[in-house]
Each structure stands twice: as C-alpha cells, then as structure tokens.
Amino acid sequence: MLTVAVILLFLTGLAHSYLGERYILMRLFRRENLPKMFGSTDFTTGTLRFVWHLLTVVWWGIAILILLAMDEPLQTRVVLQVFSAVALVSGLFPLYFTRGRHLSWVVFFAVAALLWLAAT
C-alpha cells in the first residue's frame with residue numbers, strides 16, 4: 001500500500017508540474033492583464049511559476065518520508081533532514097524563477113539550515 005502511495009505522489013507531482021506548466025501557466029502568462037511588478041510581468045510570472053512547482057517538491061518530500069518509513073520507524077533526525085532538503089530546494093526556486101527578487105528564498109534557506117543543524 002505504501003509503495004503505491006509513493007508512486008501516486010511521485011506521478012501526481014510530475015503530472016502537476018508538467019501539465020500545469022503546459023496547460024495552465026503558459027495560457028495564463030499569455031494574458032495581457034497580468035499585474036506588473038518591478039516594471040514588468042516577469043516577477044509575477046516567476047512567482048506564480050515557482051509557487052506552482054513548489055507543491056510538487058512538497059509532495060515528493062512526503063513521498064520520500066513514506067519510502068523511508070517503509071523500512072523502519074522514522075527517526076526525528078531523518079524527518080528534519082528531509083524537510084531541510086525540501087526547504088533548500090524550495091529556496092532555489094525563487095532564486096531561479098524570480099532571480100532572487102522574491103525574498104522567500106532567504107526564509108527557505110534559513111529554515112533549511114536550522115532544520116539541518118537541529119538534526120545533527
């Protein structure tokens with residue numbers, strides 16, 4: 001049952017990112033009435049894009065925790081390390097998609113570091 005749950009979470013994340021990018025975000029970004037921030041719609045589209053794909057990262061983090069729980073009970077250290085990795089990847093998204101202008105990367109990196117340090 002857990003293996004099926006992991007596969008479903010992984011495939012759902014993959015489908016969410018790919019299909020959402022192709023059929024929702026791309027169509028949304030063609031609109032002329034997107035809010036302009038910092039002089040263009042780049043920040044808006046970058047923010048929407050990284051937030052959209054962030055959900056996939058979280059689902060995959062949950063799938064990894066389920067995978068790890070299949071072998072033995074999860075230790076707090078392992079849970080903190082997985083969430084630290086999720087926070088780290090989450091911080092990379094706004095750096096890439098908004099070129100660092102969305103400052104959530106600062107918080108995500110701080111959370112990643114704090115969780116990693118707490119786990120050791």
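The values are calculated or read from the model by the stated rules, or taken from the named source; none is laboratory data. Owing to the predicted nature of the structure, the values given are computational and were not obtained by experimental measurement. All accessible areas refer to the heavy atoms of the entire protein, side chains included, with ligands and DNA or RNA removed. Shrake-Rupley method; radii C 1.70, N 1.55, O 1.52, S 1.80 Å.
Taking all protein chains in place and a 1.4 Å probe, what share, in percent, of the accessible surface of the chain do carbon and sulfur account for? Don't skip to the answer; put the middle values down first.
Values: 5610 of 7740 Å².
Accessible surface attributable to carbon and sulfur in the chain totals 72 percent.
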- Could you quote the convex hull projected area for the stretch 23-71, Cα atoms only and averaged over all directions, in nm²? 4.2 nm²
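With a 1.4 Å probe and all protein chains in place, put 103, 68 in order of accessible area, largest first. Kindly include the intermediate steps, with their values, before the conclusion.
On the way: 103 115, 68 70 Å².
Solvent-accessible surface, decreasing: 103, 68.
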- In sequence order, what are the phi-derived ³J(HN,Hα) couplings for the stretch 24-33 according to the Karplus relation 6.51 cos²θ - 1.76 cosθ + 1.60 with θ = phi - 60°, rounded to whole Hz, with x for glycine and proline? 10, 5, 4, 5, 5, 6, 6, 5, 8, 9
- Give, in whole angstrom and from largest to smallest, the semi-axes √(5λ) of the equivalent ellipsoid of the stretch 1-84, with λ running over the eigenvalues of the Cα gyration tensor. 34, 16, 5
- Task: Rounded to whole Å and ordered largest first, report the semi-axes of the equivalent ellipsoid of the stretch 39-120 derived from its Cα gyration tensor (root of 5λ).
- Result: 28, 14, 5
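Quick one: accessible area per residue over the stretch 65-106, 1.4 Å probe, rounded to a whole number of Å²? Intermediate values should be presented prior to the final figure.
Values: 2570 Å² over 42 residues.
Counting only protein heavy atoms, the per-residue value for the stretch 65-106 is 61 Å².
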